[in-house]
Amino acid sequence: MSTDKLIIFDTTLRDGEQSPGVTLSTDEKVEIARQLSRLGVDVIEAGFPVASPGDFNAVKLIAQEVGPLMEGREGEGRVGAPAVICGLARCTRNDIQTAFDAVKYAPRHRIHLFLATSDIHLEYKLKITRAECTQQIEEMVGFAKSLCADVEFSPEDGGRSDREFLTKALAVAIRAGATTLNIPDTVGYNTPQEYGDLIRYLREKTEGADSVVWSTHCHNDLGLATANSLAGVSNGARQVEVAVNGIGERAGNTSLEEVVMNVHTHPHAYPVHHTINTRLLFSTSRMVEDLSGMAVQPNKAIVGRNAFLHESGIHQDGVLKNKQTYEIIRPEDVGVTTNNIALGKHSGRHAFRIKLDDLGYASLSDAQFQSAFTKFKALADSKKSGVTDGDIHALIADVRSTP
Ligand code: KIV
Ligand code: ZN
């Protein structure tokens, strides 16, 4: 493979779990982590160990049980190594030590440190100066490095930080031992152009930039998280921080499945490749939906219930003749195997006939078919939510019982 590998860093269990109303039990977190490992995720951010004893135990258990797993990670084009298990920490000794004590059981482990760098966060939240900020970065990245070879640093609210100051703060982090620099657009404020430019600028102007992996971390407040992450990739980022179904604080994080399928669908547009088993995307999405209780919107790209359904007669006719008329992704490539014809008031005879064949009614007479189609159209007109297979069975029973 001649392109660079895009590292998929999943934060479903940390930033994703920060979604209002979502609380996952330890068993549920371990189950999701196992699935993320099978999916081929490169780095699993398992939690924020200092946040509570429950968080600490979940991260430790994931490090012990999922950290060594190789299932699904070997074979053609796959990762060939277990996932890195990562724990988040603020820039304090206690946070860092606690994160390390939780992740150290995994054969491959990482500490992820963050400290805000924007003036608004420094002045109002942290009440420290820029000089104190860089000093804290130097000391705490250095301390993390003394425990762990793999250290990631994030300047929180990087998307709204002063660029020149950011280059200085990040150069300090590199000198102190950071191996990955992650640039959060914490409040989802940037445009794709701006965020892409920021990644390029930082890579060009930060001393020591070539010795680290640059990473994106985008929030979706303006619906731009995926576009911004991809703009970052186009400008040299080689890690993306994402969450399954895009769950996370407020409007959420960048969606894992959207970034992966963009890179997958446009291999010439992005200078990277991924090693995710895309056929597990749909089942992973459903697992996270069930366990988190965060429903996936039906029209969500890639994993929404309607993502591969065609309702209008013209579209159904096209897809029945050649799927590529209206499908840019093969549903089976993301693990969707169900019939992609949604019967509704816009459906035509062709789609209705195929549906009847699928349901075992291929032997209806022409008159019965005509009668069934008329009844179906009347039903579809009166039903808001579409016609189900159960409706069709009832309708055929009615046609058959009519002399
Ligand atoms: O959005 C953010 O800034 C974060 C950091 C902790 C990386 O989640
Ligand atoms: Zn975040």
Could you please give the count of residues in the range 18-34 that are buried (at least 21 other Cβ atoms within 10 Å of the Cβ) and either within 13 Å of the chain's Cα centre (by Cα) or closer than 14 Å to ILE62 by Cα (or both)?
-> 4
Quick one: is GLY248 within 13 Å of ligand 2 (Cβ to nearest atom), in contact with a helix residue (DSSP H, G or I) (Cβ under 9 Å, 6 or more places away or on another chain) and under 27 Å from THR284 (Cβ atoms)?
-> yes
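Rundown of residues vs (1) within 16 Å of ligand 1 (Cβ to nearest atom); (2) of a type in the set (Gly, Ala, Ser); (3) in contact with a Pro (Cβ under 8 Å, 6 or more places away or on another chain), yes/no style:
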position	(1), (2), (3)
LYS5	no, no, no
THR12	yes, no, no
PHE56	no, no, yes
GLY67	no, yes, yes
MET70	no, no, yes
Considering the range 264-302 alone, what residues qualify as being within 19 Å of ALA33 (Cβ to Cβ) and hydrophobic (A, V, I, L, M, F, W, C)?
-> ILE276, LEU280, LEU281, PHE282, MET287, VAL288, LEU291, MET294
Across the range 1-23, what is the total count of residues that are away from ligand 2 (no atom under 16 Å from the Cβ) and in a helix (DSSP H, G or I)?
-> 0
Among (1) away from ligand 2 (no atom under 16 Å from the Cβ); (2) buried (at least 24 other Cβ atoms within 10 Å of the Cβ); (3) part of a loop (DSSP other than H, G, I, E, B); (4) within 23 Å of the chain's Cα centre (by Cα), ALA231 falls short only on (3)
In the range 349-384, which residues are part of a loop (DSSP other than H, G, I, E, B) and either in contact (Cβ under 8 Å) with a residue 40 or more places away in the chain or exposed (fewer than 15 other Cβ atoms within 10 Å of the Cβ) (or both)?
-> LEU359, GLY360, ALA362, SER363, SER365, LYS383, LYS384
Scan the range 199-228 and report the pairs whose first residue is within 13 Å of ILE174 (Cβ to Cβ) and modelled with pLDDT of 95 or more and whose second residue is aliphatic (A, V, I, L, M) and within 16 Å of ligand 2 (Cβ to nearest atom), with Cβ atoms within less than 8 Å and a gap of 6+ or a chain change.
-> LEU202/LEU181; LEU202/ILE183; THR206/LEU181; VAL212/LEU181; VAL213/LEU181; TRP214/LEU181; TRP214/ILE183; TRP214/ALA237
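The values are calculated or read from the model by the stated rules, or taken from the named source; none is laboratory data. Computed from a prediction, not measured in an experiment: that's the story for all the values here. All Cβ positions, glycine included, derive from the backbone under ideal geometry; neighbour counts span all protein chains shown.
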